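Working notes, beginning with the structure itself.
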Amino acid sequence: VTFRTRLLLVFTVAVMASVGLVELLVLGNTRRAFENVESQRVDALVAQFQKEFDRRRDEIARAVSRIAASEAALNLALASDYAPYYNQASTLASAHGLELLDLVAADGSIISSAEFPARFGYKEDWLTESADWQSRGAVLRRQELPDGITLAMVAVRIVTAGDRRMYVAGGQRLDDDFLSTLVLPKGMRVRLWRDLGAGQQQAMPELQPLIDRVRASRKAESDVVGSGAAAETFHALPLTGYDGSLLAVLLVGSSRRELVDLEALLRTIGIGVAASGMLLGIGLAWWATARITRPVRQLADTAGKIAAGNWNATVDLASDDEIGRLARAFNRMTHELGEQRERLVQAERVAAWRELARRLAHELKNPLFPLQITVENMQRARASAPDQFDEVFREGSATLLAELANLKQIIGRFSDFARMPAPAMQPVRLNELAAESLKLFDPQLAQAGIRTAVEFDPNLPLVQADPEQISRVLRNLVLNAIDAMPAGGTLTLRTVAQPGGTLLEISDTGQGLTPEECARLFTPYYTTKTHGTGLGLAIVQSVISDHHGRISVQSAPGAGTTFRIELGERS
Amino acid sequence: VLSRRQWLLAAAAAAGLPPGAAATRPRYGGTLRVEIREAVESADPPQFGPGMAQLSSAFAVTRWEAGRRAVFAADENAPGGRPFLDIVDVQMARPQRERAIEFGRADLVELGPAELRPGSSQRIWSSAPVRLLALVFGPRVDDVRVREALSLAVDRAAIHKAMLQRQGEISGGLLPQWISGYAFLFPAAADIPRARALLSGVPASARALTLAAADRTMAERIALNARDASLALSAVPAGAADVRLAEARVISSDPALALAGVAAALGLPAPAPTAGPEALLAAERSLLEGARVIPLFHLPDLYAVGPRVRGGPGITPLGEWRFENLWLEGGRP
């Protein structure tokens, strides 16, 4: 994950969190505001409905009062025989727009009933139990009808004629038909829960909890019923009878559809705004991170180029901020490092040439000296003992040829290093190759009193390698180990199969190397020995490098030395 | 058999017209507009029974609209002579029938007892009590205690007083008092405590009955009375009812014939041929035994008569129409 990606993620999360928080706050506040407005609207509508309800009650009371004041009622009250008036209530109720009308004699027996004509003669004792009907408006009561019990709003008036009196009880059913005649604002509906007695209670499962609360508290309650767009706010109003018993609950429902639709619209707009804000934020974050990370990326790219060896790479930044100062410091540091490196390379090159010259002089000096002695001996023999010259010449010629061969060999080794051939890869059994290479040195190992230990991994896979070059590597390292243990010791060869390659270790128990020696060990023409060209380990490293492998050394003074060669799969 | 003149004199006296009116010379012509309660739904005009069927001796049907209207024209060759009226136009089951005369749309209107307007000076023709209202039990009600309890529960007196406006008579027998002379011997008084006592041992399921009646108010009243006695009656269509409020008409002034007719109309077995009141009483008791039929009332036919109608009454004590002797004021001389 790049720095820019991380920065972009941080910016994006920050933008999304901010926009989301603002969105939530706006939505929450808007919702509360609309809830308040809706609540006020519903309260107003409920008040309007109650007013309408009360108006209807007053209408009933007025209609009954008109009947009681009519001549027909007076005549009936004065009548000695009520039988001819059996149908009177129906006529009067029809004329005054009432559904229910009972004309009741002073003893409570029905003279005529509009809604239940067959009940004539039956008693209505509830009428005679109260004396203040005149001052009351319409009251709620259970009313018996031919098809059962219903609730009705009934007003009662008393007709008095001399010592005769008669009750006029009229009203309207309080049922769904009555409710449907009420003028209701759009989005409202009214339902009526009725307790008709004897366990006859209307079933309204969804509203039952609200009804139960009203029945328990005897006060108006409200609740939200349903969910989503179908939800309604119901105001429940208790309706009590003339005797104080709760007979019905009026449920005024106001649809929350508009509110829900409005909230949905707000939510949609909010989501749109939030999405736009987030997209804009992400875009801005993308742009900002690009601006912020461009110099850093340039720094990283330049550092990469420098790491790849391009010491001329520089960061081209002209800003005066921290990044600009960092870039300039980076350029300065790179420039100085380049110069230092150049100086170091120059110094190393000089040192290498010196070492080469020293080695070359040393190597050439050894054969040259016998050549000089031999030639001088031959000259002296020619001058002082001509009779022995032939013999001296013969011996001297042999010596000269031997030393010349030696010189040729020295020059050949240098030449070999200069032109190392490319490896000819083929599947190689490393264990077998190592064993064969070690076997070449058996006489020398025995002479030097060196014990060998072989720990070959039997599961070692075939390795793609040039067997000749790897054998040369092994011989070089074994020779080094023998040289490192002049007083004898143990030479250990170990192979280990490891993920992705093979490990070959060659350890001696010699005097070991210092860290400085370890650091320069693979430098050409460097040697810790008094003889040799200093090319052995350089050739070893070159071969391993050509095999895409890696060679390292672990050593400490007095603790022996271990060369680790790792050959990868490509090898 | 009365002569036409004798009949007219007798009718004028019976109709309560002033003495001069009976001597008024009848006039021919005009249309007698009649409204009846029932809607006769048969495909053809009725041939038997009271009402329109009895017009056939002097009038011929010229238009028949089942359930709505029938028009009869005077028969020039009628056996008793041509009737005075040209046309009898019968309207069936029209709304606000009880006010048809007041509205001027009818001359003769059949009324139910409850349709009599209190204190009205309306001229009324009434037959003798010839229509028997009775409760008839179906075969499902096999517990005689239930049937007797319902008989005891019905408050005939209250119904007769208010709903029937004291028209006709309360009756516990199949035949009216004016025919049999012994109808008073059949008990007709309500006795709720006794009804409850009878039902005390009856399971609740047997105490729930269905009642079918054309007169809904009457049915509701009977149901209320039954409820007082712990019987639950609920209204249903006629075909499926346990009890039905049936009407049977007395078709003859001969007691034996009348009893046979009523028994046949109510689905009772035909009474044995009898002679003498005692045997007739025994036969009627036998028919009523087990309370399969509960007689309630004997009601008259009632007609409101308009001011143009002269020459009545146009109905006989048995409720038969005798329109051939009527004429209308304003007809041609």
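The values are calculated or read from the model by the stated rules, or taken from the named source; none is laboratory data. Every value quoted in this text rests on a predicted model; they were computed, and no experiment measured them. Here the Cβ is made from the backbone with ideal geometry for all residues, glycine too, and neighbour counts use every protein chain on show. SASA here: full protein model, heavy atoms, side chains in, ligands and nucleic acids out. Shrake-Rupley method; radii C 1.70, N 1.55, O 1.52, S 1.80 Å.
A few notes on this one:
- A single member of A:77, A:69 is open to solvent by 30 Å² or more (accessible area, probe 1.4 Å), of a type in the set (Gly, Ala, Ser) and out of contact with any Phe, Trp or Tyr (no Cβ under 7 Å at 6 or more places or on another chain), and it is A:69.
- Verdict on residue B:79 being without any contact (Cβ under 8 Å) to a residue 12 or more places away in the chain, over 30 Å from residue A:122 (Cα atoms) and part of a loop (DSSP other than H, G, I, E, B): no
- Matching entry among B:309, B:293, B:305 (being farther than 23 Å from residue B:97 by Cβ and modelled with pLDDT of 90 or more): B:293
- For segment A:115-135, the candidate set comprises residues that are small (Gly, Ala, Ser) and within 12 Å of chain B (Cβ to nearest Cβ); within that set, the residue that is nearest to residue B:218 (Cα to Cα) is A:118.
- Selection of first residues in segment A:63-92 that are more than 9 Å from chain B (Cβ to nearest Cβ) and acidic (Asp, Glu) and of second residues that are part of a helix (DSSP H, G or I) and open to solvent by 10 Å² or more (accessible area, probe 1.4 Å), restricted to Cβ pairs under 9 Å at least 6 apart or on distinct chains, gives an empty result.
- Checklist (1) of a type in the set (Val, Ile, Thr); (2) within 14 Å of chain B (Cβ to nearest Cβ); (3) closer than 20 Å to residue A:69 by Cβ applied to residue A:160, failing item: (2)
- Subset of segment B:287-321 (residues that are within 17 Å of residue B:174 (Cβ to Cβ) and out of contact with any strand residue (DSSP E or B) (no Cβ under 8 Å at 6 or more places or on another chain)): B:289, B:290, B:318
- Residue match in segment A:220-235 (condition: touching a residue at least 12 places away in the same chain (Cβ under 8 Å) and under 30 Å from residue A:131 (Cβ atoms)): no
- Residues within segment A:301-316 that are small (Gly, Ala, Ser), in a helix (DSSP H, G or I) and surrounded by 14 or more Cβ atoms within 10 Å (Cβ to Cβ), tallied: 1
- Unmet criterion (only one of (1) more than 60 Å from the chain's Cα centre (by Cα); (2) in contact (Cβ under 8 Å) with a residue 12 or more places away in the chain) for residue A:394: (2)
- Inter-residue pairs, beta-carbon under 8 Å, first loosely packed, with under 12 Cβ neighbours inside 10 Å and in segment A:322-336, second at pLDDT 85 or above, 6+ apart: none
- Of all the residues in segment B:95-107, those that are charged (D, E, K, R), away from chain A (no Cβ under 12 Å) and out of contact with any Gly (no Cβ under 6 Å at 6 or more places or on another chain) number 3.
- Matching residues, segment A:113-123, being touching a residue at least 24 places away in the same chain (Cβ under 8 Å) and under 21 Å from residue A:139 (Cβ atoms): A:113, A:114, A:115, A:116, A:119
- Residues located in segment A:84-110, provided they are farther than 22 Å from residue A:129 by Cα and among the acidic types (Asp, Glu): A:99
- For segment B:218-264, a residue qualifies if it is more than 13 Å from chain A (Cβ to nearest Cβ), without any contact (Cβ under 8 Å) to a residue 40 or more places away in the chain and touching a Pro at 6+ places or on another chain (Cβ under 9 Å), and the qualifying residues are B:256, B:260.
- Segment A:422-452 - residue that is surrounded by fewer than 11 Cβ atoms within 10 Å (Cβ to Cβ) and in contact (Cβ under 8 Å) with a residue 12 or more places away in the chain and, of those, farthest from residue A:536 (Cα to Cα): A:427
- Flag if residue A:168 is more than 11 Å from every other protein chain (Cβ to nearest Cβ), open to solvent by less than 50 Å² (accessible area, probe 1.4 Å), over 28 Å from residue A:194 (Cβ atoms) and of a type in the set (Val, Ile, Thr): no
- Residue in segment B:83-93 that is within 14 Å of another protein chain (Cβ to nearest Cβ), crowded, with 16+ Cβ neighbours inside 10 Å and not in a strand (DSSP E or B) present: no
- Helices (runs of 4 or more DSSP H) fully within segment A:467-547 that include at least 3 residues being in contact with a helix residue (DSSP H, G or I) (Cβ under 7 Å, 6 or more places away or on another chain) and buried (at least 18 other Cβ atoms within 10 Å of the Cβ): A:467-484, A:536-546.
- For segment A:183-197, a residue qualifies if it is assigned to a loop (DSSP other than H, G, I, E, B) and touching a residue at least 40 places away in the same chain (Cβ under 8 Å), and the qualifying residues are A:183, A:184, A:185, A:187, A:196, A:197.
- Test: residue in segment A:136-155 that is at pLDDT 90 or above, within 14 Å of chain B (Cβ to nearest Cβ) and not in a strand (DSSP E or B): no
- Scanning segment A:156-182 for residues that are of a type in the set (A, V, I, L, M) and not in a strand (DSSP E or B) gives A:174, A:179, A:182.
- Residue among B:247, B:324, B:284 that alone is under 17 Å from residue B:171 (Cβ atoms), in contact with a helix residue (DSSP H, G or I) (Cβ under 9 Å, 6 or more places away or on another chain) and open to solvent by 30 Å² or more (accessible area, probe 1.4 Å): B:247
- Where residue A:330 falls short, out of the listed (1) at pLDDT 80 or above; (2) within 33 Å of the chain's Cα centre (by Cα): (2)
- The strands (runs of 3 or more DSSP E) found wholly in segment B:108-213 and carrying at least 1 residues that are within 14 Å of chain A (Cβ to nearest Cβ) and open to solvent by less than 50 Å² (accessible area, probe 1.4 Å) occupy B:108-111, B:208-213.
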